[in-house]
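Structure record follows, encoded as C-alpha cells.
The values are calculated or read from the model by the stated rules, or taken from the named source; none is laboratory data. Computed from a prediction, not measured in an experiment: that's the story for all the values here. Positions of Cβ are backbone-derived with ideal geometry, glycine not excepted, and every protein chain shown enters the neighbour counts. To get the accessible areas, we keep the full protein, side chains included, count just its heavy atoms, and leave off ligands, DNA and RNA. Shrake-Rupley method; radii C 1.70, N 1.55, O 1.52, S 1.80 Å.
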Amino acid sequence: QVQLVEFGGGVVQAGGSLRLSCAAPGRTFSTHAMAWFRQAPGKERVFVASVIWSGARTNYADSVTGRFAISRDNAKNTVYLQMNSLKPEDTAVYYCAAGRTYVDRTISGYDYWGQGTQVTVSS
C-alpha cells in the first residue's frame, strides 16, 4: 500500500519553476524527517533535499542548493519542494520519502516512499 503520494510534476521550460507536493493520506508523519529523491533516465536514485520533523532545519544536495527549497506543513501533513531555475539535468522522477533522521542522504535511511512524479525540463 502506498504511504505517500506526490503530485505537481509536469513539463516546464529551462529557467522555469515548479512546486511539488507530497501528502500522506493514511497517517501522520509529523514526527518524521521528510526528504525528496530523484531518479533521472538511466541513472540511480539520488538525494535532493530533506527537512527535520519540525521544519526548522533543512539539508540539500549541492546540485540544487540555492535553486530548490523544501518545506513542510505538519497541520496539512504535507511536504513541498519548490524548484526554481530549472535545468534540463533536473529532469527525473521525483520521490517523496519519510525517515528517522533528516541528515541521512541514503535511500536506506527512509522507511516510507511515494510512487514518484515525473518532472521534465525542456531546453
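The table below lists the values:
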{"quantity": "Of all residues in region 7-35 being hydrophobic (A, V, I, L, M, F, W, C) and not in a strand (DSSP E or B), the one that is nearest to Ala69 (Cα to Cα)", "calculated": "Ala14"}
{"quantity": "So Ala49, is it free of Cβ contacts under 8 Å to residues at least 40 places away in the same chain, in a strand (DSSP E or B) and under 25 Å from Leu86 (Cβ atoms)", "calculated": "yes"}
{"quantity": "Check on Arg45, modelled with pLDDT of 95 or more, surrounded by 12 or more Cβ atoms within 10 Å (Cβ to Cβ) and not aliphatic (A, V, I, L, M)", "calculated": "yes"}
{"quantity": "Identity of the residue in region 28-37, touching a residue at least 60 places away in the same chain (Cβ under 8 Å) and either of a type in the set (A, V, I, L, M) or open to solvent by 20 Å² or more (accessible area, probe 1.4 Å) (or both), that ends up farthest from Asp104 (Cα to Cα)", "calculated": "His32"}
{"quantity": "Residue list for region 60-91, filter: aliphatic (A, V, I, L, M), within 10 Å of the chain's Cα centre (by Cα) and farther than 19 Å from Gly116 by Cβ", "calculated": "Ala69"}
{"quantity": "Contacts under 8 angstrom Cβ, first residue in region 12-27 being on the phi > 0 side of the Ramachandran plot and open to solvent by 50 Å² or more (accessible area, probe 1.4 Å), partner modelled with pLDDT of 95 or more and not aromatic (Phe, Trp, Tyr), 6 or more apart", "calculated": "Gly15/Ser85; Gly15/Leu86"}
{"quantity": "Restricting region 84-123 to residues that are outside any strand (DSSP E or B) and among the small types (Gly, Ala, Ser), the residue that is most open to solvent (accessible area, probe 1.4 Å)", "calculated": "Ser123"}
{"quantity": "Residue count, region 52-75 (criterion: in contact (Cβ under 8 Å) with a residue 40 or more places away in the chain, in a loop (DSSP other than H, G, I, E, B) and farther than 19 Å from Gly9 by Cβ)", "calculated": "4"}
